[in-house]
Amino acid sequence: MKISNLFKHIRLVTRHKWLVFKLACKIGIPWRGFMHDLSKYSPQEFWESVKYYDGRKSPILVCKEAEGYSKAWLHHKGVNKHHFEYWVDTSLPYKAAIMPYKYAAEMICDKIAAGITYNGKDCKADLQLNYYMKEREVSIIHPQIDKFLISVFTELAENGIEKAITKENIKRIYEKHCIRMES
């Protein structure tokens, strides 16, 4: 393990958290933005991420390529409700639950911030839509949350971050697609 990776990883995580916080404030969930990804500083996630840090993509992806799985990811998705994987329950009809608004909104902030963090100046407005369309092919996600993500990322691609990522817009899209069905 390189000592420089330690500081580079801290910088990367802190930058990502800062971007999520700014986006979360913009859409009216500042506390979720402040608390976002604190588990990345836990020993279970931190040391693996330092070991597999390469500066170009998520250390979790690098670890998965090398080891076939990532203990950090298994921990991360198990304690962070803003990941749709947290809501997977194979006993349900759709194999996943509908995420509550605050976590679905935080997930939007997380995905946009990750795109900016890892792509920098090369981050285009359609990056999130293209990335998600590939991701959803192999993901277990509730169909209503899937529609929510596609709608938000389509608006982001068409209108840019300033118009698409607002408190009113994210709430409107969530309510359009994610109203819980009454029994």
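The values are calculated or read from the model by the stated rules, or taken from the named source; none is laboratory data. Fair warning: this is a prediction, and the values are worked out from it, not measured in the lab. Glycine also receives a Cβ, built like all others from the backbone with ideal geometry; neighbour counts cover every protein chain displayed. Just the protein is used for accessible areas: all its heavy atoms, side chains included, with ligands, DNA and RNA removed. Shrake-Rupley method; radii C 1.70, N 1.55, O 1.52, S 1.80 Å.
Structure values in brief
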{"read-out": "Approximate shape of the stretch 1-97 as ellipsoid semi-axes (Cα gyration tensor, √5λ), whole Å, largest first", "value": "24, 20, 10"}
{"read-out": "Dimensions in Å of the stretch 59-116 - Rg and Dmax from alpha carbons", "value": "12.9, 36"}
{"read-out": "Spherically averaged projected area of the stretch 102-168 from its Cα convex hull (nm²)", "value": "4.6 nm²"}
{"read-out": "Semi-axis lengths, Å, the stretch 143-183, gyration tensor of Cα atoms, sqrt of 5 times eigenvalues", "value": "21, 11, 5"}
{"read-out": "Distance (nanometres) between label positions extended 7 Å along Cα→Cβ at residue 42 and residue 133", "value": "3.5 nm"}
{"read-out": "Computed Kirkwood radius, in angstrom, where 1/r is averaged over Cα pairs of the stretch 27-77", "value": "11.7 Å"}
{"read-out": "Degrees between helix 167-177 axis and first principal axis of the chain (Cα, 0 to 90, nearest 10)", "value": "70 degrees"}
{"read-out": "The chain - mean residue ellipticity at 222 nm from DSSP helices (-39,500 (n - 2.57) per run, n ≥ 4, rounded to 500)", "value": "-19500 deg cm²/dmol"}
{"read-out": "Theoretical FRET efficiency, 1/(1+(r/R0)^6), r = Cβ-Cβ of residue 56 and residue 125, R0 22 Å, to 0.05", "value": "0.55"}
{"read-out": "When the stretch 1-45 is reduced to its Cα atoms, the Kirkwood hydrodynamic radius in Å", "value": "11.3 Å"}
{"read-out": "Base-10 log of normalised Debye intensity for the stretch 86-127 (one unit scatterer per alpha-carbon) at q = 0.16, 0.18, 0.23, 0.30 Å⁻¹", "value": "-0.57, -0.64, -0.77, -0.94"}
{"read-out": "Spatial extent of the stretch 63-183: Rg and Dmax, with the Cα atoms as the point set, Å", "value": "14.8, 47"}
{"read-out": "The chain - accessible surface per residue (Å², probe 1.4 Å)", "value": "57 Å²"}
